[in-house]
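Data block below; observations after.
The values are calculated or read from the model by the stated rules, or taken from the named source; none is laboratory data. What you see is a predicted model, and the numbers here were worked out from it, not measured in a lab. As a convention, Cβ positions derive from the backbone with ideal geometry for all residues, glycine included, and neighbour counts pool all protein chains shown. Protein only, heavy atoms only, side chains kept; ligands, DNA and RNA dropped before computing areas. Shrake-Rupley method; radii C 1.70, N 1.55, O 1.52, S 1.80 Å.
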2 protein chains.
Amino acid sequence: MANSYIQSLITESLSELNLTAKQKAVLTASLKLFSEKGFERTSTHDIAQSAGVSEGTVYKQFKTKEGILAAIIEPFIQKVLPKAVAKFTAEMTKTSFPDFNDFLLALIRNRMTFAFDNMPQLRIILHEVTTNEAIVSRLENHFQKLLVGPMASIFKKYQETGQLVKWPTNRILRYIVTTIMGYVLPAALARQTINIEQVSREAAEFLLKGLKP
Amino acid sequence: MANSYIQSLITESLSELNLTAKQKAVLTASLKLFSEKGFERTSTHDIAQSAGVSEGTVYKQFKTKEGILAAIIEPFIQKVLPKAVAKFTAEMTKTSFPDFNDFLLALIRNRMTFAFDNMPQLRIILHEVTTNEAIVSRLENHFQKLLVGPMASIFKKYQETGQLVKWPTNRILRYIVTTIMGYVLPAALARQTINIEQVSREAAEFLLKGLKP
DNA sequence: TACTAGTGAGTGAGAGCTTACTCACTAAAA
DNA sequence: TTTTAGTGAGTAAGCTCTCACTCACTAGTA
């Protein structure tokens with residue numbers, strides 16, 4: 001469900017650029033190589049070979065190697081991320097789980113699925129983020145604008161019904177996000193998968209206790 | 001306290017190699033540049049210039065550029081990390097805080113101080129870890145051998161006095177570590193400092209609730 | 001229908017640089 | 001005198017990016 005939706009987001013943002021089959025091959029090959037070896041250790045020769053095109057083709061569409069990286073990261077930060085968040089918050093406000101436990105579980109499951117569906121992109125961003133301050137501040141900005149705002153009103157409901165501790169939205173979000181990351185990051189780095197269902201329950205159990213009033 | 005101890009660990013591991021002043025300058029310059037720009041974007045020319053030596057000097061001691069990276073990462077993983085953990089667990093078992101809250105606070109404060117004292121090294125490892133599986137599995141191994149073992153017996157005490165939930169050591173550690181990372185990582189990436197004292201209390205408050213039986 | 005002109009994605013050899021690494025040499029210490 | 005740290009110009013490999021060229025295809029013309 002979340003899977004196919006995310007997939008369509010990616011294919012959409014790809015087809016929007018109306019690229020030829022070969023240009024798309026360049027992007028998908030770059031995504032794979034960048035996430036496996038890192039941007040700097042991937043040569044344009046590698047990309048061309050992996051995509052089955054000539055190096056000239058790589059540079060027809062993307063003027064520089066950095067341009068390929070931007071063509072991967074930018075749509076993800078500017079389109080995939082915001083759309084996924086918007087869709088999720090809309091779903092949450094509509095469904096309106098009366099029980100905070102159910103809300104937490106849905107949230108964690110949703111976010112973990114998203115992370116695993118977009119593992120290559122997330123790995124690339126994680127790598128870049130350590131040496132690129134610009135991306136860090138843009139992601140921070142996104143976190144504030146996209147997440148903190150919508151979540152505040154949702155949290156308020158649970159706080160008023162005495163199910164959620166009355167801490168600032170920022171603080172509550174930090175614990176939720178980092179607890180999820182605590183499961184996703186090791187798996188991402190070790191290139192392993194996890195049992196999302198089981199792990200979500202585990203994380204929800206802990207967070208529910210920690211975020212009780 | 002923790003600060004000066006860690007500092008001495010680094011200087012010790014540096015002087016153990018009994019390097020000349022220029023060779024040490026090469027290492028400290030590399031540490032700075034690698035953590036700021038990343039290993040691949042740092043040239044040996046940059047290192048030589050920053051250290052105020054010739055490129056030949058760089059290669060007198062370290063046979064390859066990878067060798068410089070290893071000379072930074074290896075002592076950290078094999079000596080600094082284990083010693084810091086050993087010293088901490090020894091301190092904890094000796095002092096034996098009767099109150100789990102006090103233990104948690106000491107633990108978090110200690111770990112955060114360590115992280116900020118070793119920020120450059122941690123940034124380099126974070127960057128490398130995304131493209132180097134070998135380091136990942138070695139760190140995982142360290143986590144198991146160094147942390148899980150000693151912590152198990154400490155946790156047992158608090159579990160028996162009804163202050164700590166009876167979850168596996170691994171699970172409890174995961175939540176403690178990730179909660180700390182939730183404060184340290186954003187600061188590390190944004191290259192900012194945080195109020196360790198205030199933030200430690202915040203984190204301890206959350207963890208105490210989440211880890212109550 | 002047959003011919004021609006035009007288009008643009010794709011090619012790959014190679015220009016131009018950067019980079020990691022070497023080595024013949026110097027200066028100074030032992 | 002021997003040894004050793006340090007030097008920096010030099011080298012070869014590898015990188016990004018360019019550009020003159022090909023060729024399948026389309027659209028207009030006779």
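Could you tell me which trypsin sites (Lys or Arg not before Pro) in region A:124-201 are loop residues by DSSP with no more than 12 other beta carbons within 10 angstrom of their beta carbon? Mind showing how you got there, number by number?
Details: sites: A:Arg138, A:Lys145, A:Lys156, A:Lys157, A:Lys166, A:Arg171, A:Arg174, A:Arg191, A:Arg201; in loops: A:Lys166, A:Arg191.
Answer by residue number: A:Lys166, A:Arg191.
Listed values for region A:143-149 are Karplus-derived 3J(HN,Hα) couplings in whole Hz (6.51 cos²θ - 1.76 cosθ + 1.60, θ = phi - 60°), namely 4, 5, 5, 7, 9, 4, x, and x replaces Gly and Pro. The loop-placed trypsin sites (Lys or Arg not before Pro) in region B:35-82, going by DSSP, that have at most 14 neighbouring Cβ atoms within 10 Å of their Cβ come out as B:Arg41, B:Lys63.
Only protein heavy atoms count here, probed at 1.4 Å, and on that basis chains B and A bury about 3500 Å² of accessible area in total.
Return the residues of region B:154-192 for which accessible area with all protein chains present is lower than in the chain on its own by 30 Å² or more; set the probe to 1.4 Å and exclude ligands, DNA and RNA. Relative to the lone chain, where solvent access is computed with a 1.4 Å probe, region B:154-192 loses at least 30 Å² at B:Trp167, B:Arg171, B:Arg174, B:Tyr175, B:Thr178, B:Gly182, B:Tyr183, B:Leu189, B:Ala190, B:Arg191. Over the protein assembly as shown, dividing the summed -39,500 (n - 2.57) contributions of all DSSP H runs of at least 4 residues by the number of residues returns a 222 nm mean residue ellipticity of -24000 deg cm²/dmol.
Expressed as a fraction of 2.2 N^0.38 Å, the C-alpha radius of gyration for region B:2-210 is 1.13.
Principal axis extents of the C-alpha atoms in region A:56-97 (largest first, rounded to whole Å): 54, 14, 9. Residue by residue along A:126-134, Cβ atoms of other protein chains within 10 Å of the local Cβ number 6 on average. Note on chain A: with a GNM built from Cα contacts shorter than 10 Å, the maximum mean-square fluctuation among A:Pro120, A:Pro82, A:Pro168 falls on A:Pro168.
Each of A:Thr20, A:Phe100, A:Pro150 was scored by the projection of its Cα onto the charge dipole of region A:2-210, and the greatest displacement toward the positive side belongs to A:Pro150; charges sit on the C-beta of Lys, Arg, Asp and Glu. Restricting region A:117-213 to GluC sites (Glu not before Pro) that sit in a DSSP loop and have at most 14 other Cβ atoms within 10 Å of their own Cβ leaves nothing. Dividing the convex hull volume of the alpha-carbon atoms in the protein assembly as shown by its residue count gives 149 Å³ per residue.
In order along region A:153-158, phi translates into HN-Hα couplings of 5, 5, 4, 3, 4, 6 Hz, rounded to whole numbers, per the Karplus curve 6.51 cos²θ - 1.76 cosθ + 1.60 with θ = phi - 60° and x for Gly and Pro. Centre-to-centre separation between the Cα atoms of region A:160-213 and those of region B:61-138: 24 Å.
Each principal axis of the Cα cloud of region B:163-213 was taken in turn, and the coordinate range along them, longest first, works out to 37, 20, 10 Å. Shortest first, B:Ser137 label-point distances to identical copies amount to 4.1 nm, with the label point at 7 Å from Cα along Cα→Cβ.
Taken one residue at a time, the phi angles of region B:103-108 give Karplus couplings (6.51, -1.76, 1.60, θ = phi - 60°) of 4, 4, 4, 4, 4, 5 Hz. Gly and Pro are set to x. For the residues A:Leu139, A:Leu107, A:Leu147, a GNM of chain A with alpha-carbon springs under 10 Å puts the largest fluctuation on A:Leu139.
Overall, the accessible surface of chain B at a probe of 1.4 angstrom is composed of carbon and sulfur to the extent of 58 percent.
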